[in-house]
Ligand SMILES: NCc1[nH]cc(CCC(=O)O)c1CC(=O)O
């Protein structure tokens, strides 16, 4: 049976086995060790269904909990006390006995362009018409279709190292891939980044939670909650709460072609506000809803309320129709593949 962390001296941190997951786990481990040296720490790593299956395109999976469910079961069972995820892989709704703790400082949240070794292109706008961009993300695919309709998109699966070797292979179909900056930076692969992408230079917005860690604990574990409060970073926590509230409200799950860009800005009176840009694009890039809003965000509640406000504004701008069409097409596909 599960033992609350308060009665034990050892805290077990659960994680996926990938190099990136282990590096991210070490960030949390180091921060906890430094702040709470009185505990012993142990890392338990496990390959998840998502790691093991690299052939099926992500968007074809029906279960949303590919990366998280098995570790959550271990945590609910008491074998691990806290799980370190990439927040962007964490579903917006968690098992009822689990919750996310505060977030640690976010790594660069942007997407980046990585050009195949030996090719001379310095930016997305230089990639010639008809070239193939590697990505399996519906969000990246839709935004590419909207902003770079002359480029082709092809799936590329696997962890970051695998994607880079698929890109660089001599017979590779790809001219470039789009990846998250965070993964490359954490893996010390900064030299592979050709261009950082944002709303201004390329119209490319990132995924909800990208670049942030999702630190999940049992809901009743007040000891770990207090510990995470100590190592947490409020600006990040509020930003990602707002982003996840937006995604939850749109109910698109991880397969929604939803891009966001959040930043803290000062208004004319000098007060700090959270600015959120967000976009929902149809898969063919033809339809697009987008909004940019600022809000006073000073608590978890106001962060979540802001996410709902942005979602409503996006729906008012047409996001509802775009998401509905995607849902209908998915339903049709599953009928046709079932027979
Ligand atoms: N989609 C998989 C995934 N989940 C987390 C990261 C790393 C970056 C992050 O923490 O957001 C990546 C790779 C990528 O999208 O390039």
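The values are calculated or read from the model by the stated rules, or taken from the named source; none is laboratory data. Since this is a predicted model, take the numbers as computed values, not measurements. Please note: Cβ atoms are built from the backbone with ideal geometry, for glycine as well, and neighbour counts cover all protein chains shown.
Of 140, 163, 157, 186, all but one fail to be within 11 Å of the ligand (Cβ to nearest atom), modelled with pLDDT under 95 and at negative phi; the exception is 157.
Would it be correct to say that residue 228 is at pLDDT 95 or above, touching a strand residue (DSSP E or B) at 6+ places or on another chain (Cβ under 8 Å), buried (at least 21 other Cβ atoms within 10 Å of the Cβ) and not in a loop (DSSP other than H, G, I, E, B)? Judged against the criteria, residue 228 is a match.
Within the stretch 166-183, which residues are more than 15 Å from the ligand (Cβ to nearest atom) and either outside any helix (DSSP H, G or I) or without any contact (Cβ under 8 Å) to a residue 24 or more places away in the chain (or both)?
Of everything in the stretch 166-183, those that are more than 15 Å from the ligand (Cβ to nearest atom) and either outside any helix (DSSP H, G or I) or without any contact (Cβ under 8 Å) to a residue 24 or more places away in the chain (or both) turn out to be 169, 170, 171, 172, 173, 175.
Which residue, of 134, 118, is within 20 Å of residue 163 (Cα to Cα), at pLDDT 95 or above and within 16 Å of the ligand (Cβ to nearest atom)?
The match here is 134.
Inspect the stretch 254-266 for any residue being without any contact (Cβ under 8 Å) to a residue 24 or more places away in the chain and in a helix (DSSP H, G or I) and give the result as yes or no. No, the conditions are met nowhere in the stretch 254-266.
Can you tell me which of 223, 280 is in contact with a helix residue (DSSP H, G or I) (Cβ under 8 Å, 6 or more places away or on another chain), at pLDDT 95 or above and either crowded, with 21+ Cβ neighbours inside 10 Å or within 24 Å of residue 140 (Cα to Cα) (or both)?
Details: 223 fails: either crowded, with 21+ Cβ neighbours inside 10 Å or within 24 Å of residue 140 (Cα to Cα) (or both).
From the options 223, 280, the qualifying one is 280.
Only a single item in (1) within 15 Å of residue 28 (Cβ to Cβ); (2) within 16 Å of the ligand (Cβ to nearest atom) is not met by residue 228, and it is number (2).
Okay, residues lined up against (1) modelled with pLDDT of 75 or more; (2) within 13 Å of the ligand (Cβ to nearest atom); (3) touching a strand residue (DSSP E or B) at 6+ places or on another chain (Cβ under 8 Å):
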{"position": "48", "(1), (2), (3)": "no, yes, yes"}
{"position": "61", "(1), (2), (3)": "no, yes, no"}
{"position": "66", "(1), (2), (3)": "no, yes, no"}
{"position": "73", "(1), (2), (3)": "yes, no, no"}
{"position": "81", "(1), (2), (3)": "yes, no, yes"}
{"position": "85", "(1), (2), (3)": "yes, yes, yes"}
{"position": "93", "(1), (2), (3)": "yes, no, no"}
{"position": "99", "(1), (2), (3)": "yes, no, yes"}
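The set of residues in the stretch 89-137 that are surrounded by 20 or more Cβ atoms within 10 Å (Cβ to Cβ) and part of a strand (DSSP E or B) comprises 100, 111, 112, 113, 114, 115, 133, 134. State whether the residues of the stretch 101-115 include one that is more than 16 Å from the ligand (Cβ to nearest atom) and closer than 30 Å to residue 68 by Cβ. Yes - at least one qualifying residue is present in the stretch 101-115.
Among the residues of the stretch 199-221, the one identified as within 15 Å of the ligand (Cβ to nearest atom) and over 20 Å from residue 238 (Cβ atoms) is 204.
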